[in-house]
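Colleague: The structure under discussion is supplied below as structure tokens; questions concerning it will follow.
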């Protein structure tokens, strides 16, 4: 079993981690099957791309602001979740495709609003929609995509999905509010962090899995299992994102490192580093007190980012993410083996290896 | 008939206008019945107030931002529309009350987003939520109220209302986008203006009437009639609002006069005044070119407001509004006479007389 995986592992750090995780979890032939899955993933992504192309285009400013971000095409992880969950059952039907589109539209809507809230200038390596079209267009474009998403969910007539979507959006907004209230405060626990990212990120992954499961006609037990999978995948995904914010550079992550620090967001790497590095705490207190001098601030942020990197907090964050990926894999225990399940496992493990 | 109305008319300019309109339309005993209706209106408003008090309160910042505006209590015209339409049928039931609450929440959500977009500092005579709690809290509070409204509409299970609400919100957003694209352009026609206000204001009045009608179990013909009523009432209401922006003062309208001009919004009074006053056009062109000098700008805005007032454009705007009130009254021709109908007529006519 180890043999089948090793040649891939040597070439690819994601597959290497996948190999060791999959051996631990008794799914050691997973690495070997990855090549077969490549075409399967490509098909799913093409389906999602086609669905995204269906969002109408016109000369409206909100339309331009929405497509500005949609056209930069994210990783489409949430639509992938819908697609893969549905393929555990009756397949990626027309209804499931609309749900995959809807979840990407909700995600894009939250990014458009978040970028206004955070006064962000770069997203996916390009100027944000608010920079190009203004805050107003970005806010209204977010509203428009949200309504469009709800209309699409409604039109599928899959029972329970619209209510659940509304509840999930409410969870997301409350988590954003919680994050806002904490902004600039450099105390805070892992529990606070988890509460925020379960709401702002994992909730929508949960919905994506639930929506795919329900559209695919799965059992209640399978739906619950997939929702748990989505929850832990979402947490892992966000934790990796938060590590990349300190560990990446502008060319790979599409924005300046240390953005979370500048926005006063207390994420997992910072919580760990604050615990390990007394100097960091002093530096941040000085930063908060001295927020008015941009040049001094910029140098202090660079120093703080460096302290976080050197503290080992990024490795701790990836270990935290890996713990959640393991919980995600565990959640799938009741799901029958097969290509769709393997693909879900791959998505979960691959989320650890991403560098952008 | 004239006799019965005259004593009221002498005391109240609204009733005076109502009297002459109602005589024209052959509903001349309306003035006499107004006193009986007073208690009826008070009951409706108290019901709406109770419904608004049901919006949960907690320590969240979005909650505080939302209640900041909700607690300043607007005129509750939209919930009144739901209440009155439902009372033409089976009455202001628990479901209808939830719909009345929902329409006020959507309205409040749009104000929270609009105030961010317009960088408004005053609303209902108080600092805007964005001034007190920040733009971010104001955006998320708007999102939260919107979701809360949709959840309430959904929970009533009155057929067709949620779909219609989503479509109406989309209309509102598109109209806001249209207004945004036109911002700062001082050309434009009454048709452009009508298109914008039908979307941004009248659409929600239409939904309020439709929702009340459907909750009250009215016929399709009555639903259509009430939607037409809502459309014209909404247009009249917005036109009066736009006249007040030039004609009122900060103590009565709760914000500085000339706000629309400063925000570059081309409203009915300005369209008329531009047509009548060549000096106004010169002044505005200079304003657009010279937008960087705040003191000079402030003096120019004051001069422009004065020119609009002196051009007779405010009287023309009120005449335009009155035309739409007449269309609203006409739309109710197929509705049986009675106290609920009288109340709707009163609301429509009273919308012309308001000074705040």
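Colleague: Looking at the structure I just gave you, is residue B:199 out of contact with any strand residue (DSSP E or B) (no Cβ under 7 Å at 6 or more places or on another chain), modelled with pLDDT of 95 or more, within 13 Å of chain A (Cβ to nearest Cβ) and under 21 Å from residue B:321 (Cβ atoms)?
Modeller: yes
Colleague: Of the conditions (1) more than 14 Å from every other protein chain (Cβ to nearest Cβ); (2) surrounded by 23 or more Cβ atoms within 10 Å (Cβ to Cβ), residue B:222 clears all except one; give me its number.
Modeller: Condition (2) is where residue B:222 drops out.
Colleague: Is it the case that the range A:167-178 has a residue that's away from every other protein chain (no Cβ under 12 Å), part of a helix (DSSP H, G or I) and modelled with pLDDT under 95?
Modeller: Taking every residue of the range A:167-178 in turn, none turns out to be away from every other protein chain (no Cβ under 12 Å), part of a helix (DSSP H, G or I) and modelled with pLDDT under 95.
Colleague: If you take the residues of the range B:144-163 that are under 25 Å from residue A:56 (Cα atoms), in contact (Cβ under 8 Å) with a residue 40 or more places away in the chain and crowded, with 19+ Cβ neighbours inside 10 Å, which of them is nearest to the other protein chains (Cβ to nearest Cβ)?
Modeller: So, considering only residues that are under 25 Å from residue A:56 (Cα atoms), in contact (Cβ under 8 Å) with a residue 40 or more places away in the chain and crowded, with 19+ Cβ neighbours inside 10 Å, the one nearest to the other protein chains (Cβ to nearest Cβ) is B:150.
Colleague: Shifting gears a bit: Would you pick out the residues in the range A:128-143 that are surrounded by 24 or more Cβ atoms within 10 Å (Cβ to Cβ), farther than 18 Å from residue A:76 by Cα and within 14 Å of chain B (Cβ to nearest Cβ)?
Modeller: Across the range A:128-143, the qualifying residues are A:129, A:130, A:136, A:137, A:138, A:139, A:140, A:141, A:143.
Colleague: Okay, moving on. What's the number of the condition residue A:181 fails, among (1) within 14 Å of chain B (Cβ to nearest Cβ); (2) touching a residue at least 24 places away in the same chain (Cβ under 8 Å); (3) under 22 Å from residue B:142 (Cβ atoms)?
Modeller: It is condition (2) that residue A:181 fails.
Colleague: Could you please let me know if residue B:259 is crowded, with 24+ Cβ neighbours inside 10 Å and away from chain A (no Cβ under 14 Å)?
Modeller: So residue B:259 fails the test.
Colleague: May I ask you to verify whether residue B:286 is more than 22 Å from residue B:194 (Cα to Cα) and either in a helix (DSSP H, G or I) or modelled with pLDDT of 90 or more (or both)?
Modeller: When the stated conditions are applied, residue B:286 passes them.
Colleague: Enumerate the helices (runs of 4 or more DSSP H) found wholly within the range A:34-127, keeping only those where 3 or more residues are within 14 Å of another protein chain (Cβ to nearest Cβ).
Modeller: Because the criterion is at least 3 residues that are within 14 Å of another protein chain (Cβ to nearest Cβ), the helices (runs of 4 or more DSSP H) in the range A:34-127 that meet it are A:61-70, A:94-117.
Colleague: Continuing with this model, one more query. Looking at (1) at pLDDT below 85; (2) surrounded by 13 or more Cβ atoms within 10 Å (Cβ to Cβ), which is the only condition residue A:355 fails?
Modeller: Going through (1) at pLDDT below 85; (2) surrounded by 13 or more Cβ atoms within 10 Å (Cβ to Cβ) one by one, residue A:355 breaks only (2).
Colleague: Take residue A:117 and tell me if it is out of contact with any strand residue (DSSP E or B) (no Cβ under 9 Å at 6 or more places or on another chain) and modelled with pLDDT of 95 or more.
Modeller: In short, no.
Colleague: Of the residues that make up the range B:157-166, is at least one more than 29 Å from residue B:51 (Cα to Cα) and in a helix (DSSP H, G or I)?
Modeller: No, there is no match, as no residue in the range B:157-166 is more than 29 Å from residue B:51 (Cα to Cα) and in a helix (DSSP H, G or I).
Colleague: Quick one: which residue in B:328, B:319 is more than 17 Å from residue B:205 (Cα to Cα) and outside any loop (DSSP other than H, G, I, E, B)?
Modeller: Of the residues listed, the single one that is more than 17 Å from residue B:205 (Cα to Cα) and outside any loop (DSSP other than H, G, I, E, B) is B:319.
The values are calculated or read from the model by the stated rules, or taken from the named source; none is laboratory data. A quick note: this is a predicted structure, and the numbers were derived from the prediction, not measured. All Cβ positions, even for glycine, are placed from backbone atoms using ideal geometry, and neighbour counts span all protein chains on display.
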